[in-house]
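A quick write-up on the structure given underneath.
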Amino acid sequence: MKVLKKLLAKSLVGEVDLLLNRLGVFSRLLVMFWLIYIFAVFGFSYLVGLLFTKRTKKVIIFISMVVLLTPAQIEVNSNDYAPALFTFLFNLILEKDYSLRVLRPIFLSLPTSLLFLWFFIFIKKRFF
C-alpha cells in the first residue's frame, strides 16, 4: 500500500510538473511578445517625437507611449490583456462591438500620467 501511494504521489507530481512546464512556456512566450511590443512602442514613439519641435518632443513621446502601452482586458471575465487601443480597434472593425469599455484604462491612465509628468517638470524646473 505504501509503495502504491509513493507511485501515485510521484505520478501526480510529474503531472503537475508537466502542467507547470507547459504554462511556463506559454507565459515565457507571452512575456517575450510583450517585450517586443514595448520595444516597438519605444521606437515608434521616438519616431513620432522626431516630427515635433524640441520643446514638445518629450511630451509627445510620453503621451504616445502611455496611449500605446496601456493594457486592457480582452473580455470581461478573462485575465488576458492586450493594448487597449488595438483591442478597441479590433472590436470596432472586426467584431462590430461599439463599446468604449476597453478604452477606460486609457481614460484613467492618460490624465494620471500627464499629472505625473507636469509634477516632474515642475520639480525639475524648481529645484534643478
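The length gained on full extension between T56 and W118, counted as 0.36 nm times the residue separation minus their Cα-Cα distance, comes to 21.0 nm. Computed from the C-beta positions of F107 and I36 and an R0 of 22 Å, the FRET efficiency is 0.25 to the nearest 0.05. For the range 68-128, the dipole from Cβ point charges (+1 on Lys and Arg, -1 on Asp and Glu) about the Cα centre works out to 540 debye, to the nearest 20. Taking amide H as placed 1.01 Å from N in the peptide plane, T70 has its amide H under 5 Å from the amide H of A84, each at least 5 places away in sequence or on another chain.
No value in this document is a laboratory result; all are computed from the given coordinates. Please read all numbers here as calculations on a predicted model, not as lab measurements. Heads up, the Cβs are rebuilt from the backbone with ideal geometry, glycines too, and the neighbour counts pull from every protein chain shown.
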